[in-house]
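FYI, it's all coordinate maths here, none of it is from the lab. Note that the structure is a prediction, hence the values are computed from the model and not measured. Because the Cβ atoms are built from the backbone with ideal geometry, glycine has one as well, and the counts that use them run over all protein chains shown.
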Amino acid sequence: MEQLKEILSQLQVFETREDLIPNGKAINDLKILFEDTLLEEERLQQIAALEARERGESFDSLDFTEVKQAFLGLYKTLHEQRKQQLVLKEALEKENLKLKKNLIEDLKKIIESEEHIGSAFNAYKSIHETWKKVGDIPREYRDTLQKEYSRLIEIFFYTMRIYQEIKSHDYKRNLQNKQLILHKLQQLRNEEEDIKTVEQQLRVLQDEWEEIGPVPNEEWEAIKAKYWEIVRQIYDKINAHYEAQRQEYEKNIEAKKALVQELQGICDKATTASSFKEWDALVEQVKTIQEAYKKVGPGVRKENESLWKQFRAANDAFFELKKNNAKEQQALFSERIEAKKNVITEAAQLKITTDWKEATHRIIQLQKQWKTLGNTGRAENKLWSQFREACDAFFAAKDSANAEAEKALEVNFQLKQAVIEKIKTFQAEDKSEGLTQLKAFSAEFTAIGHVPIAQKDSIYNEYKAALDQAYEGLKLNQKEREHYDFKAKVDQILTSNDRDKQLQRERMELRKNIERHEQEINRMETNLAFFARSKGADALRQEVAVKVQGIQDQITTLKQRLKMLPNE
């Protein structure tokens, strides 16, 4: 079995060969060898089977069907392929025979009619080159056709010798022309022209060199060596240029790769950029990279195109991010613009207020709110200008109102001084009339309104001193003095800038004292409930009752003072 497989392996070698025609015998020999080997293998199997039967043993014979089919199938395929190749070869040989006969006829015509030696040799050369290229012809025609061709060549060269002297003249002229080409090549080698022009002129001169006919044999080797020496020098010059260009291209490619990577890095940064300042900086960086990329020279075409695609893709990605960010920013800016317009509108309305204190507090809140609303992009400067204009208008109106208020305060100061002078010069005929008049003076003093803050304390102290002196003149008792002192205190509070806070504080203090006194009374009355009826207990009850009455009188006084406060 192994021998059969080995023969099959040898046959399989021919599957890879294109030309099977010369391998026909080898293939057939393998077939004969395979068949002989197969017969021997089968014979040995039969003998082994008989021997096993004689011994009474079972025997499993080998199955050669698979290897046999594989071999015969491959043999048939190779046989058919070789047969087709033989048919094709026969057709080609017939065509080649026809072609060579035509070449012989062409050579005959040249010998019979062509007198120009250059044209004749060119025609002969063409025929001869074609003859060599033509493939095999049928075996029975080979000798006859080759002898005829050789005979005609001898006739051709005999005829051409007739024109040798004419050719000698042509050779000398060809030599001169080739020497002229050499001179032009030397000039081209030494010139510093554009390398493309050098290449183009070199091709032209080489074509001209090839088109010039032969030269005398004794001159040919020397002029040919000189020609190739100069041509090689020119090619060295061209190659040196392209080598330098290749290195420059590699350098340019590396520079472009670095710029592409830098641009891709900027795209990564752009994914987290949010402010105009960041985007403006990134855009400037991209513009710088774009300008740098333009200035980098060319590279190898394939790599250059690939890098340009990467560079353009990175540019597109960056500006797509910028576009999307601009849309998001525009939506955000629209909200902020609307919010800031509302702030501007409110700020503009505050300049017509009458409550400058509250308005000032509100304008400060609006300024703080403005800072929290964030940037609005290109509209920011215009909106800020409008907001600042509204704030300036408010503070200008406030300053104007304050100036008028200062004048009014100064007038109030003078009016209060006049009231103080009235109090100082006042003399009452009796106590009742004096209290009535002093009460009127106090009402007049309170009604006048605020004075400059720097003079507030001094004018009040002067007023209080004058009022105390007037009350002393009326001989008031302690309770009356306390009443009018509290009335003066209320009047002072009503003229202060933070009157509401002071009134609230005074109101809370009075209520706190009332509550404390009421708790004290409750405590005393509760304690009395624990004492039994006795002479000592009754005395204690009377003492406590007196104290309770005194505290009750204080509560009454406190409640009267509470009623003296506005809104009570």
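Pairs of Lys residues in region 175-278 are counted when their Cα atoms are under 29 angstrom apart and they lie 8 or more places apart or on different chains; the count is 24.
Each residue, LEU88 and ASP19, gets one label point 7 Å from its Cα in the Cβ direction; the gap between the two is 1.3 nm. The residue list HIS183, THR159, ILE223 was ranked by how far each Cα lies along the charge dipole of the chain toward its positive end, using unit charges on Cβ atoms, and HIS183 comes out on top.
Would you mind giving the three semi-axes, in whole Å and largest first, of the ellipsoid equivalent to region 256-327 according to its Cα gyration tensor?
After scaling each eigenvalue by five and taking roots: 24, 12, 9 Å.
For the Cα atoms of the chain, what angle does the longest principal axis make with the long axis of helix 535-564, in degrees from 0 to 90, nearest 10? Rounded to the nearest ten degrees, it is 60.
Across the chain, Cα pairs under 8 Å and at least six residues apart give a relative contact order of 7 percent. Near ASN375, no amide H atom lies under 5 Å from its own; only residues 5 or more places off or on other chains count, and H is placed 1.01 Å from N. Computed from the Cβ-Cβ distance with R0 of 45 Å, the FRET efficiency linking ALA447 to LEU332 stands at 0.20. Compute the distance from the alpha-carbon center of region 86-103 to that of region 118-142, in whole Å. When both Cα centres are located, 13 Å separates them. Considering only ILE7, PHE34, ILE111, the residue lying farthest towards the positive end of the dipole of region 2-162 is ILE111, judged by Cα position with unit charges set on Cβ. Using a/c under 1.5 as the rounded threshold, could you call the chain rounded, prolate or oblate? The axes a ≥ b ≥ c are square roots of the C-alpha gyration tensor eigenvalues, and prolate needs a/b larger than b/c, oblate otherwise. Judged from the Cα gyration tensor, the chain comes out oblate (a/c at least 1.5, b/c at or above a/b). Highest mean packing first, where packing is the average number of other Cβ atoms within 10 Å per residue, the peptides 414-421, 24-31, 51-58 line up as 414-421, 24-31, 51-58.
Please give the calculated 222 nm ellipticity per residue for the chain, where each DSSP H segment of at least 4 residues contributes -39500 (n - 2.57) and the sum is spread over every residue; nearest 500 deg cm²/dmol? Walk me through the numbers before you get to the answer.
Details: 17 runs with 478 residues, N = 568.
Mean residue ellipticity at 222 nm (helix-derived): -30000 deg cm²/dmol.
Contact order, relative form, for region 2-162: 24 percent (alpha carbon pairs under 8 Å, 6 or more residues apart, mean separation divided by residue count).
Taking Cα centre as origin and charging only the Cβ of basic (Lys, Arg, +1) and acidic (Asp, Glu, -1) residues, the dipole magnitude of the chain rounds to 2860 debye.
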